[in-house]
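What follows is one structure encoded as structure tokens, with my remarks underneath.
Nothing in this text is a laboratory measurement; each read-out follows from the coordinates by a stated rule. This one's a predicted model, so the numbers in the text were calculated from it and none came from an experiment. Here the Cβ positions follow ideal geometry from the backbone for every residue, glycine too, while neighbour counts run over all protein chains shown.
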Amino acid sequence: MYGKMHSACLYGIDGVIIQVEVDISNGLPQTSIIGLPDSAIREAVERVRAAIKNCGFRFPMQRVTINLAPADLRKEGSAFDLAIALGILVTSEQLILPSDLRLLMIGELALDGTLRPVSGVLSMVDRAKEEGFNAVLLPEENRAEAALIKDIHIFSLGHLRELLFPNAVQPKTGRKETDPPVVLDSLNFLFKPNSSSLVSPNSINETNSYEDYSDVLGQQHVKRAITIAAAGMHNILLIGPPGTGKTMLIKRIPTILPSLTEQESLETTKIFSAAGKLKEPSSGLLKQRPFRSPHHTISAGGLVGGGTIPKPGEVSLAHRGILFLDELPEFSRNVLEVLRQPLEDRAVTISRARAVHTFPAHFMLAASMNPCPCGFLGSDHPEQRCTCSSARIAQYRAKISGPLLDRIDLQVDVPRPKEWTKETFSLSSQEMKEQVIQAHQIQVHRYRNLPFSWNSELSGRHLRTHTSLSSDTSTMLQQTIEALGLSMRAYDRILKLARTIADLDGKDNIKTSHVAEAIQYRNLDRVQNEVEI
């Protein structure tokens, strides 16, 4: 006897449809799972056996072979339990499923038949919809997440018994071979309205109102730099003594960023779902751009992703949002160096013996650091003098390589503020956000026929087309590049930054003042040049 069900697993952050084939034949009682399963899938035999028996059905005392196809793709996780259980029941003619549904089955079984949630449901259901499935059967706790995908029927199950005995109480004794099969003409008794559709879009994932740039006294030039960074999604590094507000300034960046577009929202939510970090799926797709702030003890694998079957790391969880590295030199140099490829390619590629996984990693890097180990280099306060030697300062800054600094567009000094009264004028998040959104709308319109929408993504011929300079401005920039010894990458990033400054200024053409402002944000390049001279 042969039967076939459909389930799904994750491949990176994308869902993959898996055929669960069940064959029951005469022979010594034995159950085997083939098709490159991991330990969790091989252990499914015992979970399924106990769940079937505890729900009043019988587990076949024959040779049972379960194949997970395609057989050359390694599978992991416990999402196949439900498909395996129903495949055995259908093949052994104890259950008949509706014939009008192309059904995907996802879920982990407890020994008593309870359905437990699994990670990555959003990606799996999205793939099922693309491949023509019209219904999904999954655990009750995953229903809200699956319902984020429209135009596909979602049937949720709390216990296997609900499916096996829809119209009657479970019998006290197990079923016999002569008993007729349980026939399911429909699964509508499992359908529940999606409550997430009742949530107002304007109330989903809103930025915390208690965090506002009006709380930051002074530091107007830093706010200007942050506005530029947010308007073009440029990488930014704040450098200053302890307690000057570097962390406070960066943590408020999400309050001035535009909301995610529908496509960006789906991309971001799928990544969080695959990583098992989607906290409240009933609130709908993520609307606020993610803000990730890993500790400096994080490993390279934790930052960019990894594992036997790779999972997304912090750079992917920050996709379309912000990755904040506080106290940048405290991170291991090896960890920081792995950022170079994602910052350039906007993606992370992880190769393993059997597969190559690519995770999206389009994020804005925001970092902070002290100017020296003690933190007081350049301080004008008589009680806070730097005690570090030149060699120690050089060693401290050497933790951040030149190629990584090259990829940071804005390197801004954050001195000790001199304004301490609340009467001091301070830009609010709303005022800064209005400037950012206006500049972003200009970029969206300019790049409407291109596969990107931010100035930081410009490259190649598109960069030359949209950042053309007058002869005087071009000469000034070239002389500066030669004087500071900057790389061609830095040259390109100055052009992108100048393009964003011009957009904030509402100008179609980049002027000398825009380029000059962009150059002044290469703080560490200027300092290094002064030291060499």
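Here the Karplus relation 6.51 cos²θ - 1.76 cosθ + 1.60, evaluated at θ = phi - 60°, turns the backbone of the range 508-514 into coupling constants of 6, 9, 7, 9, 4, 5, 5 Hz, with x for every Gly and Pro.
What's the ranking of 105-113, 126-134 by average number of surrounding C-beta atoms within 10 Å, highest first?
Working: 105-113: 21.7, 126-134: 16.4.
Ranked by mean Cβ neighbours within 10 Å, highest first: 105-113, 126-134.
Against the chain, whose longest principal axis comes from its Cα atoms, helix 488-504 is set at around 90 degrees. Among the listed options (i) 1.05; (ii) 1.09; (iii) 0.97, the one matching Rg/Rh (Cα atoms, Kirkwood Rh) as calculated from these coordinates is (ii). Once divided by 2.2 N^0.38 Å, the Cα radius of gyration of the range 204-444 becomes 1.06.
Summing Cβ point charges (Lys, Arg +1; Asp, Glu -1) relative to the Cα centre of the chain gives a dipole of roughly 500 debye.
Using a cutoff of 8 angstrom between alpha carbon atoms and counting only pairs six or more residues apart, the relative contact order for the chain works out to 13 percent. With respect to the chain, whose longest principal axis is taken over its alpha-carbon atoms, helix 471-484 is tilted by about 90°.
Taking every DSSP beta bridge that has both ends in the chain, the antiparallel portion is near 50%. Here's how it looks for ALA347: its modeled amide H is under 5 Å from those of ALA361, which are all 5 or more places away or on a different chain.
Using a 10 Å cut-off on Cβ atoms, rank the peptides 114-122, 153-161, 57-65 from the highest mean neighbour count down.
Numbers: 114-122: 23.2, 153-161: 20.0, 57-65: 18.3.
My ranking of the peptides, most packed first, is 114-122, 153-161, 57-65.
Using +1 at the C-beta of Lys and Arg and -1 at the C-beta of Asp and Glu, which of SER25, ALA44, PRO403 has the Cα lying farthest in the positive direction of the dipole of the chain? Value computed over the given set: SER25. Cβ crowding within 10 Å ranks MET432, MET124 as MET432, MET124, fewest other Cβ atoms first. Overall, the range 204-444 carries a charge dipole of about 660 debye about its Cα centre when +1 sits on the Cβ of Lys and Arg and -1 on the Cβ of Asp and Glu, all other atoms neutral.
The aspartates and glutamates within cross-link reach of LYS311, meaning a Cα-to-Cα straight distance under 16 Å and a gap of 8 or more places when in the same chain, are ASP14, ASP38, GLU76, GLU267.
Database remark: amide H of ARG522 closer than 5 angstrom to the amide H of GLN411 (H placed geometrically; neighbours at sequence offset of 5 or more, or on other chains; Pro and chain starts carry no H). Coupling constants for the range 396-407 follow from the phi torsions by the Karplus curve (6.51 cos²θ - 1.76 cosθ + 1.60, θ = phi - 60°), and in residue order they are 5, 6, 5, 5, 9, 6, x, x, 6, 4, 4, 8 Hz; glycine and proline get x.
What the Cβ-Cβ distance of ARG392 and GLU431 gives, at R0 = 51 Å and to the nearest 0.05, is a FRET efficiency of 0.80. Once backbone amide H atoms are built at 1.01 Å from N, ILE18 has SER7, ALA8, CYS9 as its partners under 5 Å, excluding neighbours fewer than 5 places away on the same chain. Where does helix 44-54 land angle-wise versus the long Cα axis of the chain, in degrees 0 to 90, nearest 10? Between helix and principal axis, roughly 50 degrees. Hey, if you put +1 on the Cβ of every Lys and Arg and -1 on every Asp and Glu Cβ in the chain, which of ALA391, ALA355, LEU286 ends up farthest toward the positive end of that dipole? The Cα lying farthest towards the positive end belongs to ALA355.
Counted by Cβ distance under 13 Å from ARG224, the other residues give a net charge of -3, where Lys and Arg count +1 and Asp and Glu count -1.
Please go through the residue pairs LYS433/LYS496; LYS150/LYS287; LYS287/LYS507; LYS75/LYS129; LYS192/LYS279 and name each one whose alpha carbons sit more than 23 Å apart in this structure. Listed pairs above 23 Å: LYS287/LYS507.
Magnitude of the charge dipole for the range 458-533, about its Cα centre and with charges confined to Cβ atoms of Lys, Arg (+1) and Asp, Glu (-1), is about 320 debye.
Remark: ASP345, ASP409, ASP151 ranked as ASP151, ASP345, ASP409, counting other beta-carbon atoms within 10 Å and listing the fewest first.
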